[in-house]
Structures are given as C-alpha cells and as structure tokens.
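Notes for the one structure printed next.
The values are calculated or read from the model by the stated rules, or taken from the named source; none is laboratory data. Predicted model only: the values in this text are computed from it and were never measured. Neighbour counts run over all protein chains shown; Cβ positions are idealised from the backbone, glycine included.
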Amino acid sequence: MVGTIYQKKFAHSISRQDRNLLWQIWKERNDFVFRGTKPEVYKVIDLPKFQQASYQKWGFHRTPEQKFEEQQISLTWQAPKAGSFKINVDGSLCEGSMEGAMACVVRDSSGSLIDGFTKLVRAESVLQLETLGVLEALNLKYLKEKKVGEALVETDNQSVVNCLTKEEEMNWQARADLFECKSLLQQLPLVGLTYCPRSANAVMDWAARQQRMKTLPRFWWASPPLSL
C-alpha cells in the first residue's frame, strides 16, 4: 500500500516528457529481453520529445473548459487596435527531419500585410523551431529600430509562450534562443507576446508548410494568393 502511494506521488512529481522517456526506456528494455532486438538510442531520446511537442501543439494538456473558452475568445485572426501591429509566426517540421521552415507576417489594424518573410532552418524539435520563429519576429527591423508603437507577436505554440511569460522550465534544445527572446522582450516594452488558436494562425501555417515544401511563390506577402 505504502509502495503504491509512493509510486503515485513519484509519477506526479516528474514531467510528462520524463514519464514518456521512462516508458520508452522500459519498452526498449522489454524488446531487448524478450525479443532480442537491439535498443535504438535515438528512438528512446527523440520519440518522447516528439510526443511532448505534439501534446503541446494540439492542446491535449488543456481541460475541456479551457478549450471551450479558447473557442469563444477567437477562432479567427483578429486585427489589432488602430495604430498598432500584429506579428504572427509559425513553423513547420516533418517528423524525423531536422529541416523545417518558419513564416512571419506583419499586419496593421486594417488587416493589410505590411511585411513578411519565410525561412528554411534546421531544428531538432517543434519547440526549438517555433522559438526561432518568435526570435526572428522580435529581431524585425520595425521593432529593433522602434519605428512602430505597440505590437503583439502571436504564436500557436503554447509551450513557447509559457516559457517566456510564466517561467516554465525551458527545454534544453531551445534554452539559448528562449533566453535571447526574453532579453529582447525586456528591451521592447511596447511589444507583447501571446498565444493564439491554430485556426487564427492559418496564414502562417500555410506559408510555413509551402516554404518547407519549396512551393511558396516569391514575394508572396506583397502579392498574396487569393486564398489568403
């Protein structure tokens, strides 16, 4: 009985990614003992990372009440107030690949595209890729030279927002980039960062995927397709 209680307390004291890692180690150990298969080190390490990224990306960690509130707040992109800008970022990374793409657009209160970019980057996880997207957005010339008033950076990755606004434990792969993002946010008091639902970030999702597949038209942000 005491052992069972201890096991439950221990299970709640470690992170979900660590639990996934322990479970993967256990599975590989069983396959080795009972099936004679050789353990795959990279599979043991990378699979829990991918599972955690998917868990955060698709919002499985949020309660039904939180998901309902999110749906009520905004299911589509909302324009910023007059005189301010909104900067949306997103990333696209295929499972098993380290070559991803990021996309960013700047829009004003009328919804007009002011600027934008896409970029191919190497990343080891979705979290690292999405963090790099936020970092690129915070390094935009408009913000660095303080030529705009208030601006809001939006991403559909809740983990990135939590790491930068709620002192959540930082993933080691993205730690350096997250620290740099924090430093830039402190230097830019008129710039905020927030989470937005995936449905409100559809343009960025489209642009990042097209860039990753190398099918994105040149200067797409200046003359966007009719679908956007």
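Is it the case, given these coordinates, that Leu178 is in a helix (DSSP H, G or I), crowded, with 21+ Cβ neighbours inside 10 Å and touching a residue at least 40 places away in the same chain (Cβ under 8 Å)?
yes
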Just to be sure, is Ala79 among the small types (Gly, Ala, Ser), under 17 Å from Arg198 (Cβ atoms) and either assigned by TED's automatic domain parsing to the domain that holds Thr194 or modelled with pLDDT of 85 or more (or both)?
no
Can you say whether Glu99 is assigned by TED's automatic domain parsing to the domain that holds Val203, within 28 Å of Gln128 (Cα to Cα), under 17 Å from the mean Cα position of the chain (by Cα) and modelled with pLDDT under 80, as far as the supplied structure shows?
no
I need the strands (runs of 3 or more DSSP E) fully contained in the range 85-165, keeping only those with at least 3 residues that are surrounded by 20 or more Cβ atoms within 10 Å (Cβ to Cβ).
85-93, 99-107, 151-155
Criterion violated by Gln72 - all others in (1) more than 15 Å from Val191 (Cα to Cα); (2) assigned to a helix (DSSP H, G or I); (3) modelled with pLDDT of 85 or more satisfied:
(3)
Those residues of the range 85-123 which are in contact with a Cys (Cβ under 8 Å, 6 or more places away or on another chain) and polar (S, T, N, Q) amount to Asn88, Thr118
